[in-house]
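*Asks:* Structure below; questions to follow.
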Amino acid sequence: MSLDLRTGRSVWLNQDNPSHHPPLTRDISTNVVVIGAGISGALVAHALTDLGVETLLVDRRDVGAGSTAASTAILSYEPDCHLYDLIESFGVEAGVRIFQSGVEALLLLEELTKTLDDDCNFGKTSSMYFASCRADAKPLRAEYHARKRHHFDTEYIEETEVGRLFSFAAPCALLNPHTANVDPVRLTRSLVRCAQKKGLQVFANTSIKKYDREGNQSILTSDRNHTLRARHVVFATGYESQQFLMQSTVRLTSTYALATEPLIDFTGWYERMTIWESARPYLYLRVTADNRLVAGGEDEDFVDEQKRDALLAQKKHTLERRLKQMFPAIAIRVATAWTGTFAESEDTLPYIGMHKKYPGAYFALGYGGNGITFSAIASRIISDLILKKENTDAALFGFTR
Ligand SMILES: Cc1cc2nc3c(=O)[nH]c(=O)nc-3n(C[C@H](O)[C@H](O)[C@H](O)COP(=O)(O)OP(=O)(O)OC[C@H]3O[C@@H](n4cnc5c(N)ncnc54)[C@H](O)[C@@H]3O)c2cc1C
């Protein structure tokens with residue numbers, strides 16, 4: 001059974017150039033099968049192919065047509081929880097390492113896009129994380145001190161400075177100079193295209209229905225009853241993975257996003273920074289390479305697709321109204337809006353690695369608001385595990401953490 005992952009045309013699909021991959025029509029044996037050709041599967045398949053590992057990628061949809069096409073694609077190392085919370089939950093060493101692995105993942109994505117056949121509109125930027133209310137100022141200050149103490153590049157600004165740089169008010173904010181943006185569909189397709197040149201086999205419109213393990217081989221059965229045999233399998237099946245795992249620590253929600261027509265003037269928006277806030281669920285904004293404002297938020301705590309889609313017009317209106325309040329001098333005209341399913345784990349971290357229910361398989365589940373950064377972390381960990389190389393980060397993001 002599949003989930004309806006998204007509705008409405010996201011800004012990346014407005015410039016769509018569909019990729020064409022055949023369905024699976026025969027049985028194949030290979031070394032690694034990656035199920036799921038979103039950004040997670042593309043990163044894992046690209047990393048493995050690059051390391052000379054014979055790999056096959058299969059998806060029930062097209063490449064990049066799942067949640068990845070709905071993403072607003074802000075690349076950030078800051079997970080949806082504070083560094084001091086991570087330190088409290090996991091200890092100093094692990095908490096700091098979780099943050100640091102995000103910084104490294106961002107660098108990995110930056111270096112990787114330089115090697116691809118498309119720049120994917122990857123662009124570095126800064127971000128501003130503001131306190132949504134007075135009560136959030138104290139935790140933000142604590143977060144600033146935690147980041148400073150552990151040498152993460154950050155700046156704290158007071159209310160007056162927020163008011164000088166932006167046309168909206170906030171009690172205080174943190175500035176982070178290391179954030180980036182990308183076109184997630186172009187990135188996914190480019191990764192797959194480049195890996196194909198190095199031997200990656202790709203099949204679309206093929207659903208994997210069954211997973212069996214015999215000896216040291218996994219056997220996957222497709223919806224047309226063809227089999228894929230492999231030593232290793234990677235589930236990069238996004239939010240639909242819950243149908244295999246049914247984790248009680250994962251919450252599926254509904255989320256909303258919009259993109260405007262290209263903006264000419266950015267009055268009241270300092271350096272076109274990526275912006276997000278301390279409220280939960282939070283509002284977040286970025287600018288695209290062609291100067292569109294992309295905003296997301298307004299999450300609802302349910303996953304019923306009909307109910308989710310019925311709210312799209314109202315949510316678009318709410319997001320638009322909020323943007324106009326924040327930037328009264330900017331002429332905002334919404335071009336497109338969309339909605340999608342979203343998943344977050346209890347501790348806001350991804351699940352990466354082996355699961356006892358599926359011997360021989362690895363999961364790359366980048367849950368949360370910076371899922372793409374987590375997917376990059378997953379590509380590193382999973383390729384190391386498959387190549388039997390030590391990776392000390394594996395324990396931080398594993399199912400038994
Ligand atoms: C509105 C929205 C905004 C977001 N904004 C951001 C953001 O700003 N920054 C960020 O980092 N993250 C963001 N995220 C999260 C990010 O988009 C996701 O973490 C990421 O796209 C997940 O990629 P994926 O490859 O794991 O999943 P997907 O893109 O969904 O890919 C999984 C693929 O698996 C395939 N599949 C599933 N089951 C099977 C099966 N049985 N057989 C064959 N194929 C199968 C699906 O067809 C799908 O193509 C956002 C998400 C949403 C919805």
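*Asks:* Exactly one of these conditions fails for Phe327: (1) away from the ligand (no atom under 16 Å from the Cβ); (2) outside the structural domain of Ala37 (by TED's automatic domain parsing); (3) surrounded by fewer than 20 Cβ atoms within 10 Å (Cβ to Cβ). Give me its number.
*Replies:* With respect to (1) away from the ligand (no atom under 16 Å from the Cβ); (2) outside the structural domain of Ala37 (by TED's automatic domain parsing); (3) surrounded by fewer than 20 Cβ atoms within 10 Å (Cβ to Cβ), Phe327 is out only on (3).
*Asks:* Please verify whether Thr72 is near the ligand (Cβ under 9 Å from one of its atoms) and either in contact (Cβ under 8 Å) with a residue 40 or more places away in the chain or surrounded by fewer than 24 Cβ atoms within 10 Å (Cβ to Cβ) (or both), treating the condition exactly as stated.
*Replies:* It is true that Thr72 is near the ligand (Cβ under 9 Å from one of its atoms) and either in contact (Cβ under 8 Å) with a residue 40 or more places away in the chain or surrounded by fewer than 24 Cβ atoms within 10 Å (Cβ to Cβ) (or both).
*Asks:* With Ala169, Ala195, Ala230 as the choices, which residue is in a loop (DSSP other than H, G, I, E, B), away from the ligand (no atom under 13 Å from the Cβ) and modelled with pLDDT of 95 or more?
*Replies:* The match here is Ala169.
*Asks:* Kindly check whether there is at least one residue in region 155-174 that is hydroxyl-bearing (Ser, Thr, Tyr) and crowded, with 22+ Cβ neighbours inside 10 Å.
*Replies:* Within region 155-174, not a single residue is hydroxyl-bearing (Ser, Thr, Tyr) and crowded, with 22+ Cβ neighbours inside 10 Å.
*Asks:* Right, here's the next one. Quickly run through region 235-273 and pick out the residues that are touching an Asp or Glu at 6+ places or on another chain (Cβ under 6 Å) and near the ligand (Cβ under 8 Å from one of its atoms).
*Replies:* Passing the criteria: Thr255, Tyr256.
*Asks:* Mind checking whether some residue in region 203-220 is surrounded by fewer than 19 Cβ atoms within 10 Å (Cβ to Cβ) and among the acidic types (Asp, Glu)?
*Replies:* yes
*Asks:* If I ask for residues that are closer than 20 Å to Ala65 by Cβ and either in contact with a His (Cβ under 6 Å, 6 or more places away or on another chain) or in contact (Cβ under 8 Å) with a residue 60 or more places away in the chain (or both), which ones from region 197-219 would you list?
*Replies:* Leu200, Gln201, Val202, Phe203, Ala204, Asn205, Thr206, Ser207, Ile208 - these are the residues of region 197-219 that are closer than 20 Å to Ala65 by Cβ and either in contact with a His (Cβ under 6 Å, 6 or more places away or on another chain) or in contact (Cβ under 8 Å) with a residue 60 or more places away in the chain (or both).
*Asks:* Kindly provide the set of residues from region 41-70 that are more than 19 Å from Thr221 (Cα to Cα), of a type outside the set (D, E, K, R) and over 18 Å from the mean Cα position of the chain (by Cα), ordered by number.
*Replies:* Residues satisfying the conditions are Leu48, Thr49, Leu51, Gly52, Val53.
*Asks:* Still on this structure: Restricting attention to region 350-381, and to residues there that are among the aliphatic types (A, V, I, L, M), in a helix (DSSP H, G or I) and more than 8 Å from Ser40 (Cα to Cα), which single residue is nearest to the ligand (Cβ to nearest atom)?
*Replies:* Taking the candidates together, the pick is Ile377.
*Asks:* Would you check if there is a residue in region 75-90 being more than 14 Å from the ligand (Cβ to nearest atom) and β-branched (Val, Ile, Thr)?
*Replies:* Checking region 75-90: at least one residue is more than 14 Å from the ligand (Cβ to nearest atom) and β-branched (Val, Ile, Thr).
*Asks:* Among Val303, Val334, which is surrounded by 18 or more Cβ atoms within 10 Å (Cβ to Cβ) and touching a residue at least 12 places away in the same chain (Cβ under 8 Å)?
*Replies:* So the residue among Val303, Val334 that is surrounded by 18 or more Cβ atoms within 10 Å (Cβ to Cβ) and touching a residue at least 12 places away in the same chain (Cβ under 8 Å) is Val303.
*Asks:* Give Leu24, Leu109 a once-over and let me know the one that is in contact with a Phe, Trp or Tyr (Cβ under 8 Å, 6 or more places away or on another chain), part of a loop (DSSP other than H, G, I, E, B), within 11 Å of the ligand (Cβ to nearest atom) and at pLDDT 95 or above.
*Replies:* After ruling out the rest, the residue left standing is Leu24.
*Asks:* Okay, moving on. Would you check which residues across region 221-239 are farther than 21 Å from Ile381 by Cβ and surrounded by 14 or more Cβ atoms within 10 Å (Cβ to Cβ) and list them?
*Replies:* Result: Thr221, Ser222, Asp223, His226, Thr227, Leu228, Arg229.
The values are calculated or read from the model by the stated rules, or taken from the named source; none is laboratory data. In this text the structure is predicted, and so the values were computed from the model without any measurement. Here the Cβ is made from the backbone with ideal geometry for all residues, glycine too, and neighbour counts use every protein chain on show.
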